[in-house]
Amino acid sequence: LADAGLFGALGKAVPLALAAMSVRLMRHPEQIRDNGRISVGLTALILAACGMIHILKGTPGFTSGWEGLRRAGGLLGWLGGTPLSALVSRPVTFILLTILAFFGLLVISKTPLSRIPDRLRQLRDHLGFARSASPDGEPSSPDTAADGGIDGPYHHDQPRRGVFARRGAREVSLDDFFDSEDPSDDASDSDGGDPEGEQGGTGDIRTAQTAEFPAVGAREAGVRPPQADLGGGPAGTGAAGTSGGLMPEGLPEYGEQGELTGEELYTLPDAELLGKGIQVRSHAKASHETEAALSQVLADFGIDAEVTGFSRGPTVTRYEVTLGPGVKVERIIQLSRNIAYAVASPDIRIISPIPGKSAVGVEIPNQERETVALGDVLRSPVAARRPQPLLVGLGKDVEGAFVVANVANMPHLLVGGSTGSGKSSFINALVVSILMRATPDDVRMVLIDPKRVELTPYEGIPHLITPIITNAKKAAEALDWVVREMDIRYEDLHSFGFRHVDDFNRAVRKGSIRPPAGSKRVLRHYPYILVVVDELADLMMVAPRDVEAAVQRITQLARAAGIHLIVATQRPSVDVVTGVIKANIPSRLAFETSSQTDSRVILDQPGAEKLIGKGDALFLAYGASKPQRVQGAWVGESEIRAVVAHVKAEANPEYRADVVVSETRRRVEEEVGDDLDLLLQAAEQVIVTQFGSTSMLQRKLRVGFAKAGRLMDLLESRGVVGPSEGSKAREVLVPSEALAETLAMLRGEEVPPSADLEGPDTPSDGD
């Protein structure tokens, strides 16, 4: 047909373009919408090009024979140019065809009109004509120097440095020409974050179409090993070191690291430590057979509806059903069992409607499931161009798009599901995502693992504040420490006039704030604190009141302090996930549950009971009205070991000694109970006055005779007073100069070796 004059002068170029399109169709047959879009754009471009050439050659007709058409625009050129030229002039026709060609290019590249300048700048920089930077490292252009921040009003200080600089050599594939990314992702290229209103308050989610993305370039991150406290260093930046991490070159750093102690640099793990997933080929035949069965059910029951398309995900395929005029959505929902019978699958789920579409979705499990690799999620462009340290790779949605979420915007997450549904896999993906993207100076973690086996591989990583906690009572104490740390941070925010810890950190790094005059304190930036509780039910069995109170206070106030809580449980009952906990944890992730009741406990709505397990989950982001179905990312044990070995080699953990109460203090608390404050007051009163009388304690502390007698017995057992001598006052064995040491001993704290507080070892005989 080309030799016969179908494409005219483009007879040799058009087959090459069609061959490229054929290769894409074979590589990505599941991307139905993108393939259709590119086909439409390519058709418009070819038709416009043939018509333009035909007009430039003088619009020859059939009287010139096939040879004349072949030398011009061919038969397509005649169809695109001659009829229109008869209605309007040739110049006007040429202009209209130029507009059509421009439209075809926009459709192929999926570029909205508002993004044309950015696309041109990206093309220029990709060809190596990036704008020169000023001597201080800032770009000379105001548009590239704009401050791009992490999502939300609070973020790390992120100066733009060559955002559109060329990202290093890489293999060029057809995906570079046929861009299949979501335009909402491209919208974040120019500002380094998500524009407001793009998510509609859905908790900071991003997706990108599935494709075999090339490996992302290395990232420069200069950080030194962390020091013992939770602060970073004084204002300033650490020395730069090269890392093979997941941050691509040319992107803004997510935080200029504070100057830390130590000599070595901290290097993020290389992206190649995480393996690549095996993409399952699309079974178009099976999908079309299921589509035909679904259409037949609608026809059998006389419902005026049509299956207008489907999108295949890693776990399920969602079929779109468009209803006719006057047809109720409830009629489709009532046919759920009939549809399940027709497609031979009991695990169907009906979405009414699909968010953003006037269609009902029917989700049917695939016969062959795809394993979503965490490495693919973290290497995808949607994750690579977002440098937040708390960004987590969730997996893929039902349209095959990668899904990531920023923990800082959740700001807390409740994870629930039955045994074997994928909770532990998600916890592993969460922790590994943090290790791949964040240094110990950025994020510190408290890992609580009552089951003793799930988080064991992470023991000894430098991001830990304390060794992995496996004892439920120690876990309650760690949560109390988090509350105290939160209060300390709020004191600093209040003193220096900031509303969020990110603003405080930015001021510390810039050196714009100073400690009060005469103070010896060195201001240090506060890292994020991530608290992960792998099994909440075990904690609620041991100390329900303490755990619930600590969780409530953390989730209510800790967001502005940079503290975030991840709570997981396999027993989502109301006595574990109480109303107080649910009310203060806005983001939810529900894996397969055994009943609709459990689904309502986690999500406040049904749906999780219809999931099919092995990582299949519903993610209800903060502010979202409906959950998003996600196939969770998988990270293997060998990958976990490789990442952990790398971070251990980079730095040693520096634990906080005050997170978990010592054994001595715990024994004191068990013996004294809730009377510790009264005991301290009684000891102070007795030592200061050097008068040990039960009646005096009654008057001074305003307690009854029984309580005063118990306090005096406790003081006697600790060597503060002597034994009872009838009606006489007890002998005080501790001088007033040793008051501070005595109070420290009573609290269970370490007593200086020089302090001699031992009293006579005599039994108490009452008072």
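The values are calculated or read from the model by the stated rules, or taken from the named source; none is laboratory data. Predicted model, so just to flag it, every value in this text is computed and none were measured. When we count neighbours, we look across all protein chains shown, and the Cβ atoms used for this are built from the backbone with ideal geometry, even at glycine. Accessible surface is based on the protein model in full, side chains and every heavy atom, while ligands, DNA and RNA are left aside. Shrake-Rupley method; radii C 1.70, N 1.55, O 1.52, S 1.80 Å.
Whole-percent P(r), the stretch 422-495, all Cα pairs, 5 Å bins from 0: 3, 14, 21, 22, 20, 12, 5, 2, 0.
Beyond a 21 Å Cα-Cα separation, which of these cross-linked pairs lie in this structure: 423/451; 520/648; 276/396; 328/357? Among 423/451; 520/648; 276/396; 328/357, the Cα-Cα distance tops 21 Å for 520/648.
Heavy-atom accessible surface of the stretch 371-458, averaged per residue, reaches 15 Å², computed with a 1.4 Å probe. To the nearest 0.05, what FRET efficiency results for residue 700 and residue 452 with a Förster distance of 45 Å applied to their C-beta separation? FRET efficiency, residue 700 to residue 452: 0.40. Can you tell me the FRET efficiency between residue 306 and residue 648 if r is taken as the Cβ-Cβ distance and R0 is 45 Å, rounded to the nearest 0.05? Here the calculated transfer efficiency is 0.20.
Under a Cβ-Cβ cut-off of 11 Å, what is the net charge of the residues other than residue 306 that fall near it, where Lys and Arg count +1 and Asp and Glu count -1? If you can, show how the numbers build up before the last one.
Values: positive: none; negative: 291, 304, 320.
Within the 11 Å Cβ shell, the charges total -3.
Annotation: lysines with alpha-carbon distance below 30 angstrom to residue 707 (same-chain offsets under eight excluded): 473, 474, 728.
Between residue 625 and residue 717, the FRET efficiency estimated from the beta carbon spacing at R0 = 41 angstrom works out to 0.10. Cross-link partners for residue 12 among the lysines, with Cα-Cα distance under 30 Å and sequence neighbours closer than 8 places in the same chain left out: 57, 110.
The portion of the accessible surface of the stretch 446-526 made up by carbon and sulfur, rounded to a whole percent, is 51 (1.4 Å probe; DNA, RNA and ligands excluded). Computed from point charges on the beta carbon alone (+1 for Lys and Arg, -1 for Asp and Glu), the dipole magnitude for the stretch 548-642 about its Cα centre is near 240 Debye.
Solvent-free Debye calculation, one equal scatterer per alpha-carbon of the stretch 404-451: log10 I(q)/I(0) at 0.16, 0.20, 0.21 Å⁻¹ equals -0.54, -0.84, -0.93.
Stokes-Einstein diffusion of the stretch 572-648 at 37 °C, 0.692 mPa s viscosity, Kirkwood radius from Cα pairs, rounded to a whole number: 235 µm²/s. Fraction of C-alpha pairs exceeding 15 angstrom in the stretch 470-575: 66 percent, rounded to a whole number.
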